Amino acid sequence: MAFAAIRAHKMRAFLTVLGVLVGVTTVIAMVSIITGLNKSMAEQIESLGSNVIYVTKFEIGIRFESPSEEERNREPITFEDATAVQELCPSIDAVSPQNWGPGAKMVKYKDNKVTQFELIGVMPQYEVVNNNYIEEGRFFTDSDVNYRAMVTVLGVDVAETLFPNLDPIGKQISIGGRNFSPKRFTVIGVMEKRPSILGESQNNFVLLPHDTYKKLYPEEKELLLVAKPKDPELMDQAIDEITQVMRLRRGVLADKPNNFAIATQDDLMNMYRNITSAIYMVMVVISSIGLLVGGVGVMNIMLVSVTERTREIGIRKAIGARKKDILWQFLIEAMTLSGSGGILGIIIGLLLGKLVGAVTPLAAGVSLFWIILGFSFSVSVGLIFGIYPAYRAARLDPIASLRYE
């Protein structure tokens, strides 16, 4: 009977549930995109290094205010800190100090050049700690670092731009810095390709041996310290050991907080989830407005339906229908109406999520939980906003209803 009432007024029913449809579509589409993004981001953060620990001067994360005076006055993380962590932390397998200084202006090979890239000074342990290995050629050795060799390893993007149809190994390129004139380096390797993060390439870099980098940028004291424990189960122990070593080296008193920051992949993922939680809040507000509008529409059309079917209600009561029978008849009709809008919203939301995943770098995916939740909300709208019209129908006097024209 409920479906028959909807079929009898198709356009009216569609316009009535349009608000519910928009609300549920918003929920499913946004959840589809965000769920896919969370999964993709987790995989990409994992690709940055397996079970790694980051030691930095400032907290890693999104900041809405400038660092405090205490933070600005903190000592930088140094190469000596990295050496101490490697020697004094038994749970640590490898440490990779990485210099991220002012960068360079240009890297060039004949007529091909790249002007937007990251110039990073690294140690031989970089491959192991960052889970990023050589694809062609070889990586740096201790001799390259100790003798400040003028050699370089390129990211895939830089290599493909400079050597579109050539083997880059053994070629001489020119790197010009902000504080030094262009110098010649020999390409000894190309790193394997890493996945993009939110559509941004992670392969646009040039690596130099750590001491070679320090020769070019002697004023740069600060670096990023990346460490890897011997076993994932030793992560907490490794963090405790690093914290103890860093506090001793930096003279932090027992009752004072750390004047450095330690982060893990979980912290990076939590930071990302904090960003997506704001999107969830916006999604909830938008969908709530849509569901509210849809609920008002359902209530309005059900009140109209009660008026149109007053004589029908009188006949049902005359042949024995009780108040609760009439009540449930109109409640079920309201829930069927809003539930139909919810099903349409789920289908359209899933299609939008798939469309976004197909035409953009953003992944898409949704769980059964959210589909059930979206449908439940749509049915609940019909239940809540259908109570008053159903109650009004149930209270109609059968004699007056039979005489209604």
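The values are calculated or read from the model by the stated rules, or taken from the named source; none is laboratory data. It should be emphasised that the depicted structure is a prediction, and the values quoted were computed from it without experimental measurement. Cβ atoms come from the backbone with ideal geometry, glycine included; neighbour counts cover every protein chain shown.
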In this structure, is Ile326 under 14 Å from Leu21 (Cβ atoms) and surrounded by 14 or more Cβ atoms within 10 Å (Cβ to Cβ)?
no
From Ile289, Ile319, which residue is under 26 Å from the mean Cα position of the chain (by Cα), surrounded by fewer than 16 Cβ atoms within 10 Å (Cβ to Cβ) and over 19 Å from Phe58 (Cβ atoms)?
Ile289
The one condition Thr141 fails out of (1) surrounded by 13 or more Cβ atoms within 10 Å (Cβ to Cβ); (2) hydroxyl-bearing (Ser, Thr, Tyr); (3) in contact (Cβ under 8 Å) with a residue 24 or more places away in the chain is (3)
Taking the residues in segment 184-193 that are of a type outside the set (A, V, I, L, M, F, W, C) and either within 25 Å of the chain's Cα centre (by Cα) or closer than 12 Å to Val153 by Cβ (or both) as candidates, determine which candidate is modelled with the lowest pLDDT.
Lys193
Those residues of segment 205-245 which are in a helix (DSSP H, G or I), closer than 17 Å to Asp93 by Cα and in contact (Cβ under 8 Å) with a residue 40 or more places away in the chain amount to Pro232, Leu234, Met235, Gln237, Ala238, Ile239, Glu241, Ile242, Val245
Scope segment 275-329; condition aromatic (Phe, Trp, Tyr) and within 13 Å of Ala394 (Cα to Cα); matching residues
Trp328
List the pairs whose first member sits in segment 271-282 and is farther than 9 Å from Ile34 by Cα, whose second member is among the acidic types (Asp, Glu), and whose Cβ atoms are under 7 Å apart, counting only residues at least 6 apart or on separate chains?
none
Every pair of residues 6+ apart whose Cβ atoms lie under 6 Å, when the first sits in segment 150-172 and is touching a residue at least 60 places away in the same chain (Cβ under 8 Å) while the second is of a type in the set (Phe, Trp, Tyr):
Met150/Phe185
Just give me the residues in segment 194-234 being of a type in the set (A, V, I, L, M, F, W, C), modelled with pLDDT of 85 or more and over 20 Å from Gln98 (Cβ atoms), in sequence order.
Leu234
If I ask for residues that are surrounded by 15 or more Cβ atoms within 10 Å (Cβ to Cβ) and either without any contact (Cβ under 8 Å) to a residue 60 or more places away in the chain or over 16 Å from Val17 (Cα atoms) (or both), which ones from segment 292-311 would you list?
Val306, Arg309, Thr310
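One line per residue, one yes/no per condition, for (1) surrounded by 17 or more Cβ atoms within 10 Å (Cβ to Cβ); (2) among the basic types (Lys, Arg); (3) in the same structural domain as Gly121 (by TED's automatic domain parsing):
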{"position": "His210", "(1), (2), (3)": "yes, no, yes"}
{"position": "Lys214", "(1), (2), (3)": "yes, yes, yes"}
{"position": "Leu223", "(1), (2), (3)": "yes, no, yes"}
{"position": "Leu248", "(1), (2), (3)": "no, no, yes"}
{"position": "Leu253", "(1), (2), (3)": "no, no, yes"}
{"position": "Asn259", "(1), (2), (3)": "no, no, yes"}
{"position": "Ala278", "(1), (2), (3)": "no, no, no"}
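Results for (1) at pLDDT below 85; (2) part of a helix (DSSP H, G or I); (3) not assigned by TED's automatic domain parsing to the domain that holds Val293, shown as yes or no for each residue.
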| site | (1), (2), (3) |
| --- | --- |
| Met335 | no, yes, no |
| Ile346 | no, yes, no |
| Gly353 | yes, yes, no |
| Gly357 | yes, yes, no |
| Ala363 | yes, no, no |
| Val366 | yes, no, no |
| Phe369 | yes, yes, no |
